[in-house]
Amino acid sequence: MKNNDSKRCKVGELRPSQALTTFGIGSIIDLPNLSVMVMGLDDWPLKDTVEIGEQRLLASVQEVLGKQVKALRSAPVVPDTYQVNQFDASALVGIPVAPFPRWMVCPYCRRLAPLGSGLFKLETPYRTDQIRYVHANCTKLGKSPTVVPARFIVACKNGHFDDFPWRDFVHHGPTNCKGGLKLLETSATGEAASIFVQCEGENCKAIRPMSDAFKMDLMALPVCKARRPHLRDHDEAGCKAPNGQDMRMEPMLQGASNSWFGIRLSALAIPQASGKLKQLIDDHWTILEKVQSEQNIELLQQVTPQLRDLSEYTPAEIWQAVQAKKTAGPEDCGEPSDLKTPEWKVFIDPESAEKGRDFQLNVAAPPKRYAKYFEKIVLAERLREVQALVGFTRIESPSDYDNPAAFPENQRAKLSRTQPTWVPASEIRGEGLFFHFKEDVIQKWVKKAKSLDDVFMEAHQRWRIARKLDPPQEFYPGVRYVLLHSFAHALIRQLAVECGYTTASLRERIYSTIPKNPEVEMAGVLIYTAAPDSEGTLGGLVSLGKPETLERHLDQALDNMRLCASDPLCAEHHPYRDGNTLHAASCHACMFAPETSCERGNKYLDRAVLVHTVETGEQSDLAFFE
């Protein structure tokens, strides 16, 4: 953490994957005694990061951020052998953060002031969880009380963030009053209506409830100053709304779930080369591309554990393969924005894929009762997923788009002040089950579900029109996606009962033909693990893919969809008549999955497309499974 005294100290710990999914650049991390914001890439220590190889994902990142991006790198990791003394230089490795919000409140005297006022002092005791700011001149006798962050902030849809305008708010507009402020709470409920801001100016005594901040008309809210606290600057281009007017800030609580959404791209590491040696060279290219001679390879094999897979080959053979790859130049990764089609081609023809340490597929027969729906079930005994952070947004989630990179560029906050040459990434090894649906059965059902397709299309258009996004029909995934997505959610909830992983540790990856590219026919669902603490390869998920076991789980998953604890309200829910929700018969009691599991933010779901519900009845032909 950095403060005005340029001191650095370790304030907490995160998993590497959390630097992308939950606490990425621009997000707020709540610590026991203060809250901090993760700084941009300009402040990150590059020497403490490790390059992660995944050429397909890098090409996709370059399409979004530019060709100057040359690498995917992990978050800084503290070595296991660092000194016990936390103030030693070897311990000061990590992601840089700074206090935010800057306005703090003394819990004893209720004084409200920014850190720059000089009223609060930073204390850095030996234990990192006790780092805090204190009100040294408080009226409280004895030990100085620990101040806490003021829990109200403002944000805009273009990703800008700022402290709440306390002084202007309490005075109902700009003021020259320099009186001290207090944040008073009249009850223990924590409601905004019971919290008041009071000015103690000699001739002022203005007071105002915080509930007014959430009742103010949009035009009465302050104009966005385009502040980017994670970059320590203001956006030079300013902040404008789509209609050209000045963007207005929106008040929110510090811990609001919509204060930060990471925009991530992810890809599975699939074989790109023919031949075992060539594939191993591809897998370790981030290390081998820097090799300059055959002697370097021999030395690397001795000191680099990652190259143990190449032990069966001589340094001469490896050097020859490395030279051949360098001569051939970069491989064609296909359309950079289309990360799923190459993966789909591998999953539907697993015998042709080269097996490796991070990729092993085996084919299993579908259960007998479900053979008419599935071509095959593929057991992915080993998978490797790489994710990269390309930006973030506030207020509106990028999961509402079929490709997060398609999020409007003006609303995608930048990771650095200059054009980044690398982006944060993480890799997770896991296992999974792939369900290959029969295309003719899917097409037959899609024709019967034309009316439902029209309903979801209308809901999709209304959703985009309400957000002033043009054209309204863009990025609509189609009713085929609704079916596959609903099936994935139903099965995730069931498999989590026995597979040994929590629901939040399972993810979905939907392979569906999109309306704007109908020539690529896809109908598949991959359910895989994303648990970095256990390497995700314990085998509990793959073991459920055996026909007799999987049949029982499919039966139970579909049976659970027939009746919901919230029926008949859930079964009668409409995608746009009951609020523009973009989902039909689904809710937290029956289909919704954790944020880490769903790729579309629990939208485009309807359990009525799977089985009959109390609303559709047994006569409906909408249910895919008989």
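Taking label positions 7 Å along the Cα-Cβ direction at both Val363 and Val77, the computed distance is 3.7 nm, reported to one decimal.
Under a Cβ-Cβ cut-off of 10 Å, what is the net charge of the residues other than Ser60 that fall near it, where Lys and Arg count +1 and Asp and Glu count -1? The partial results should precede the final answer.
Values: positive: Arg56; negative: Glu54, Glu63, Glu335, Asp338.
Local charge sum for Ser60: -3.
Note on Asp555/Glu396: beta-carbon distance plugged into 1/(1 + (r/R0)^6) with R0 of 41 Å gives a FRET efficiency of 0.60. The separation of the range 449-507 from the range 587-619, counted between C-alpha centres, amounts to 9 Å. In this label model, Glu519 and Asp578 are separated by 4.1 nm, measuring between points 7 Å along each Cα→Cβ vector.
Would you please give the FRET efficiency between Lys178 and Lys468, computed as 1/(1 + (r/R0)^6) with r the Cβ-Cβ distance and R0 = 30 Å, to the nearest 0.05?
Numbers: r = 40 Å, r/R0 = 1.34.
Efficiency at R0 = 30 Å is approximately 0.15.
Ranked from highest to lowest mean number of other Cβ atoms within 10 Å per residue, what is the order of the peptides 358-369, 185-196? Can you show the working numbers first?
Working: 358-369: 16.6, 185-196: 13.2.
Going by the mean number of other Cβ atoms within 10 Å, highest first, we get 358-369, 185-196.
For the pair Thr304 and Glu615 in one chain, pulling the backbone fully straight at 0.36 nm per residue adds 105.9 nm over the alpha carbon distance.
Net charge in the neighbourhood of Val50 (other residues with Cβ under 11 Å of its Cβ; Lys, Arg +1, Asp, Glu -1) is -1. The figure for Ser597 is an accessible area of roughly 0 square angstrom, using a 1.4 Å probe on the protein chains alone. The alpha carbons of the range 212-268 stretch over 47, 28, 25 Å along the principal axes, in descending order.
Treating the Cα atoms of the range 384-475 as identical point scatterers in vacuum, please give the log10 of the normalised Debye intensity I(q)/I(0) at q = 0.13, 0.18, 0.25 Å⁻¹, two decimals. Debye intensities relative to I(0), on a log10 scale: -0.75, -1.03, -1.22.
Shape analysis of the range 441-554 yields a ratio of the Cα radius of gyration to the Kirkwood radius, Rg/Rh, of 1.06.
Each of the peptides 579-589, 456-466, 131-141 was scored by the mean count of other Cβ atoms within 10 Å over its residues; in descending order, highest first, they stand as 579-589, 456-466, 131-141. In the range 147-254, the C-alpha radius of gyration followed by the widest Cα-Cα span (Dmax) gives 14.8, 43 angstrom.
Spacing of the modelled spin labels on Glu626 and Lys47, each 7 Å from Cα toward Cβ, amounts to 6.9 nm.
If you roll a 1.4 Å probe over the range 563-626 with all protein chains in place, what percent of the accessible area is carbon or sulfur? Let's see the in-between values first.
Numbers: 1430 of 2900 Å².
Ligands and nucleic acids excluded, carbon and sulfur give 49 percent.
Counting only protein heavy atoms and a probe of 1.4 Å, the accessible surface of the range 128-205 is 48% carbon and sulfur.
Based on the Cβ-Cβ distance of Asp217 and Ser117, what FRET efficiency does E = 1/(1 + (r/R0)^6) give at R0 = 51 Å, to the nearest 0.05? Walk me through the numbers before you get to the answer.
Working: r = 31 Å, r/R0 = 0.61.
The formula returns an efficiency of 0.95 here.
Once you've got the Cα coordinates, tell me which of Lys67/Lys345; Lys355/Lys546; Lys70/Lys603 are over 29 Å apart. Could you put the intermediate results ahead of the total?
On the way: Lys67/Lys345 27 Å; Lys355/Lys546 21 Å; Lys70/Lys603 34 Å.
Violating the 29 Å limit, Cα to Cα: Lys70/Lys603.
Between Asp233 and Thr186, 0.36 nm times their residue separation minus their Cα-Cα distance comes to what? Before the final figure, lay out each step's value.
Values: separation 47, 0.36 × 47 = 16.92 nm, distance 3.65 nm.
My answer for the length gained is 13.3 nm.
The values are calculated or read from the model by the stated rules, or taken from the named source; none is laboratory data. What you are looking at is a predicted structure, and each value in this text was computed from that prediction instead of being measured. Glycine also receives a Cβ, built like all others from the backbone with ideal geometry; neighbour counts cover every protein chain displayed. The protein model used for the area step is the full one, side chains on, heavy atoms only, and it has no ligands, DNA or RNA in it. Shrake-Rupley method; radii C 1.70, N 1.55, O 1.52, S 1.80 Å.
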